[in-house]
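Structure first, commentary second.
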Amino acid sequence: MRTQSKIALLLFFSNLILVLIFGVGVYYFFNKYSFVDFYKRLQTRAIITAKYKLEQDTLNAEAFKTIREKYFEKLEQEQEYVLEVANVASLNQIAKNNKLPIYFLKDVLQKGKSTSNQGNTFYAGIKYQQNNRTHLVVVSAENYYATHHLSFLRNILFGGVFLIVLITILLSIYFSRHVFDPINQIMHKVRQISTENIHLRLEEQDNNNEISALTATFNDLLNRIETAFETQKNFISNASHELSTPLTAIIGEADVALIKERKVEDYQVVLQNILLQAERLDQITKSLLFLAQTGYKGKKIIFEIVRMDEVLWEVKTLIDRMNPQNQITLDLNLLPEDHKKLKVNGNRQLLQLALANIFNNACKYSHNKPVIVYIASSNDQVVIVIKDQGVGIPEAEMPFIYDPFFRASNTQLFDGFGIGLPLTRNILKLHEGTLMVSSEVNVGTSVQIKLPIARMLA
């Protein structure tokens, strides 16, 4: 069943139940009130009847009779009974002669007053003592209000319920259809958006409601998808270029070497060039695979408690062997007194790789000018800062530094593939850490790394 039909049925049955409860309640309380009100009328007539028929003071009796005839309307089938009761045994004969309910007369005699009804005939009676003689004064009449007014009210209620149900059905259908109009419009517009026109966006309104929030959410999703598509296209384009360059060189060298016979020395030069390009191709392929692996969160990685100051010294030693001309200096003035604040839960090899990428970039892009590395910690984080005096990164290109294969426009003179920084960020994400880069052209670059301190300390 469609959501529109569910809403229509829900609204219909909800209103129907409420209307029925209201109608039944009105009828019940009016019906109950009609009984109470009619009994009061009969009791008042019974009291006045006793006054003007049994009162010895004729003046008062005439006054009550005048009031009775002048101000009290005649009820339907109204009858008055003034019954003298000698004893309880005589009640049966009195009831039989006057066709009155025996249980009702006994109740009046015992309690002093009572009310009852048989069908639509209502009775009200009082016991009246006069000169040591007991009288029962009874007034009976048909409840015209119950037979006519309540019937009229019942018809009105049935008609009202039918009309309200009809209106509810129409409103439910109208509401269920049109309440989804904004959503249907959004669905229609979203269907028009594809990879060819992913730049299109839904029209946002200023209304602060759920539809506006839904539109904004869709647009935000489209922004992220468009960014992902652009990143993917750039990645494919750059990866194709980086992979095709060494392959083209290898094929070209081989073709040239096979055109004619050459000297051994010439073949050795060709093989050396091919080997160089093959090594470059191997390095690019391994970097791509490792980048993909670190971006996959399902890959199981073994973590252990690692001291970050030790990792820094290990990376420094590695860089010294690879680049003896480097001028990396470790500044330990901010080291915490508690060595436990230097421990993180991580993978030592991955952390070494991440820091080695940053160290290599700092040395490479600064022409081996001095690089300062600081290490400190707060109550919950280890902080590492690497500052160089290199060429820097143009401000307009900073948003793209984590895109694979992206290289700043001022780095054409330096070797590289543009994979180191994205790889480093992926590694830090695996360790729940953060990477922040700030840079100024021809001044230098500052890289800040934050890693959470291990809570289960060794």
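For Leu421, the stated conditions do not hold, so it cannot be described as over 19 Å from Cys363 (Cα atoms) and either without any contact (Cβ under 8 Å) to a residue 24 or more places away in the chain or in a helix (DSSP H, G or I) (or both).
If you scan the range 78-135, which residues turn out to be of a type in the set (Gly, Ala, Ser), exposed (fewer than 12 other Cβ atoms within 10 Å of the Cβ) and closer than 19 Å to Leu54 by Cβ? Break it down stepwise before answering.
We begin by selecting, within the range 78-135, every residue of a type in the set (Gly, Ala, Ser); these are 86, 89-90, 95, 112, 114, 116, 119, 124-125.
Going one step further and asking which of them are exposed (fewer than 12 other Cβ atoms within 10 Å of the Cβ), we end up with 86, 89, 119.
Within the range 78-135, Ala86 is the sole residue that qualifies.
Taking the range 422-440 as the range and being farther than 21 Å from Val344 by Cα and either surrounded by fewer than 20 Cβ atoms within 10 Å (Cβ to Cβ) or among the basic types (Lys, Arg) (or both) as the test, the residues that pass are Val437, Ser438, Glu440.
For every residue, the table says whether it meets (1) assigned by TED's automatic domain parsing to the domain that holds Val108; (2) at pLDDT below 65; (3) not in a helix (DSSP H, G or I); (4) not β-branched (Val, Ile, Thr).
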| position | (1), (2), (3), (4) |
| --- | --- |
| Tyr52 | yes, no, no, yes |
| Asn60 | yes, yes, no, yes |
| Leu83 | yes, no, yes, yes |
| Ala89 | yes, no, no, yes |
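The single residue among Ile305, Ile274 that is in contact with a Lys or Arg (Cβ under 9 Å, 6 or more places away or on another chain), modelled with pLDDT of 85 or more and hydrophobic (A, V, I, L, M, F, W, C) turns out to be Ile305. Scan (1) at pLDDT 70 or above; (2) surrounded by 15 or more Cβ atoms within 10 Å (Cβ to Cβ) for the single condition Phe235 breaks and write down its number. The number of the failed condition is (1). Across the range 383-410, the number of residues qualifying as within 36 Å of the chain's Cα centre (by Cα) and not charged (D, E, K, R) comes to 6. Residue count for the range 380-406, restricted to those that are under 27 Å from Glu432 (Cβ atoms) and either touching a residue at least 24 places away in the same chain (Cβ under 8 Å) or outside the structural domain of Leu330 (by TED's automatic domain parsing) (or both): 16.
Quick one: is Asp331 in contact (Cβ under 8 Å) with a residue 24 or more places away in the chain and either surrounded by fewer than 19 Cβ atoms within 10 Å (Cβ to Cβ) or in contact with a strand residue (DSSP E or B) (Cβ under 8 Å, 6 or more places away or on another chain) (or both)?
Numbers: in contact (Cβ under 8 Å) with a residue 24 or more places away in the chain: yes; either surrounded by fewer than 19 Cβ atoms within 10 Å (Cβ to Cβ) or in contact with a strand residue (DSSP E or B) (Cβ under 8 Å, 6 or more places away or on another chain) (or both): yes.
For Asp331, the condition - in contact (Cβ under 8 Å) with a residue 24 or more places away in the chain and either surrounded by fewer than 19 Cβ atoms within 10 Å (Cβ to Cβ) or in contact with a strand residue (DSSP E or B) (Cβ under 8 Å, 6 or more places away or on another chain) (or both) - is met.
Within the range 424-458, track down each residue that is among the hydrophobic types (A, V, I, L, M, F, W, C) and touching a Gly at 6+ places or on another chain (Cβ under 9 Å). Break it down into steps so the answer makes sense when it comes.
Step one: list which residues in the range 424-458 are among the hydrophobic types (A, V, I, L, M, F, W, C), which gives 427-428, 430, 435-437, 441, 443, 447, 449, 451, 453-454, 456-458.
Hits for the range 424-458 are Ile427, Leu430, Val441, Val443, Ile449, Leu451, Ala454.
For Asn345, the conditions (1) without any contact (Cβ under 8 Å) to a residue 60 or more places away in the chain; (2) of a type in the set (S, T, N, Q); (3) in a strand (DSSP E or B) all hold with the exception of (1). If you filter the range 373-394 down to residues that are surrounded by fewer than 17 Cβ atoms within 10 Å (Cβ to Cβ) and farther than 18 Å from Gly346 by Cβ, you find that the one that is modelled with the highest pLDDT is Pro394. Of Ser438, Ser409, Ser446, which residue is free of Cβ contacts under 8 Å to residues at least 24 places away in the same chain and assigned to a strand (DSSP E or B)? Answer to the selection: Ser438.
The values are calculated or read from the model by the stated rules, or taken from the named source; none is laboratory data. This structure is a prediction, so every number in the text was calculated from the model and none was measured. FYI the Cβ positions are ideal-geometry reconstructions off the backbone, even for glycines, and counts take in every protein chain you see.
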